Amino acid sequence: METPLTYAFDNDDPAAVDRHSQLPVVLDEFTVSRLTSLGDLTGRRCLEVGAGGGSIAAWLARAAGPTGRVLATDINTRHLPTDAPYEVLQHDLETEPVPDGPWDVIHARLVLLHLPGREAVLRRLAAVLAPGGALVVEDFETTFRKMVLAAPTPEAAELVDLYHTLLVERVLPAHGNDPTWASRAPAAMLEAGLTDVDTAMHARSWPGGTAGALLIGANLAQAREDFLTAGMTEAQLDALVRLVDDPRLIVRSHFTYSTIGRRPPA
């Protein structure tokens, strides 16, 4: 019997706190712009899957207002506030039915790329949309290289490049991640019967000591053993942890593909 694949960045890991503080800084502005493009969300029924620290669920709750409904789900809800202005449900998107809809908006950020059954999950999410409802899937496209825009030494740049190569080719795929998924999501939405499919892409630079660079440190903290297994040394990992605090390093964030598809009106 095969050992079930596990998520590389477990919410029970103490370093997950850093991840959930850095990802909103890196991604929330772009995500909010995409959700805002859906129009007035007042009174809408919104499902936030893989809610993480809950920053987008909280934004949706404000946008939907008192006449709306927001349900935030995660396989591990420990980082969602207990006094959240939205409902919280511990839920496994791959093995459990999608929470009862219909939903006017379903948002999944950095979720499907980690799920081996991502295509089936997308079809099930599409099926519980209300007529005219929107599915918003946002994932990193990690196959693009040249993430280092500036570095204190050529060796430092090579170290970041090595980290990125091993992350994409060895570490994450060992946990079921598909680095090509983000660019395949539009076709998957069309196959699921959604229309008006639209993708926007986003990336920006981050100097050492800021959220986009420190996210590398969070990855290393949570997946250190995986990187050692993939071939990095303890000395290289320690050097990289120091490097991501160095303002002379400037890295480009992964491209985020934000794909929206709508269920046809009744």
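Some notes on this structure:
- Rounded to the nearest 20, the Cβ-based charge dipole of segment 210-266 about its Cα centre (Lys and Arg +1, Asp and Glu -1) stands at 500 debye.
- Label-point gap, in nm, between Ser183 and Arg170 - each point 7 angstrom along Cα→Cβ: 2.4 nm
- From most to least packed by mean Cβ count within 10 Å, the peptides 195-208, 36-49, 108-121, 145-158 give 108-121, 36-49, 195-208, 145-158.
- Result for the chain in a Gaussian network model with C-alpha springs under 10 Å: among Asp246, Asp83, Asp238, the largest mean-square fluctuation is at Asp83.
- Cα centroid separation - segment 212-226 against segment 242-264, whole Å: 15 Å
- Cβ-based charge dipole, the chain, positive-most Cα from Val49, Val88, Ile260: Ile260
- Residue-averaged [θ]222 nm for the chain, counting only DSSP H segments that reach four residues, each worth -39500 (n - 2.57): -11000 deg cm²/dmol
- Counted charge near Ala130, where neighbours are those whose Cβ lies closer than 11 Å (Asp, Glu -1; Lys, Arg +1): +3
- Antiparallel DSSP beta bridges within the chain, as percent of all bridges there, nearest 5: 50 percent
- Gain in span if fully extended, Asp28 to Thr143, counting 0.36 nm per residue against the direct Cα distance: 39.2 nm
- Separation of alpha-carbon centers, segment 62-93 and segment 141-200, rounded to whole Å: 28 Å
- Karplus-derived 3J(HN,Hα) values for segment 45-54, using 6.51 cos²θ - 1.76 cosθ + 1.60 with θ = phi - 60°, are 9, 10, 10, 10, 9, x, 6, x, x, x Hz; glycine and proline are entered as x.
- Remark: the chain carries a charge dipole of roughly 780 debye about the Cα centre, counting +1 on each Lys and Arg Cβ and -1 on each Asp and Glu Cβ.
No value in this document is a laboratory result; all are computed from the given coordinates. Just so we're clear, the structure is a prediction, and the values are computed from it rather than from any experiment. When we count neighbours, we look across all protein chains shown, and the Cβ atoms used for this are built from the backbone with ideal geometry, even at glycine.
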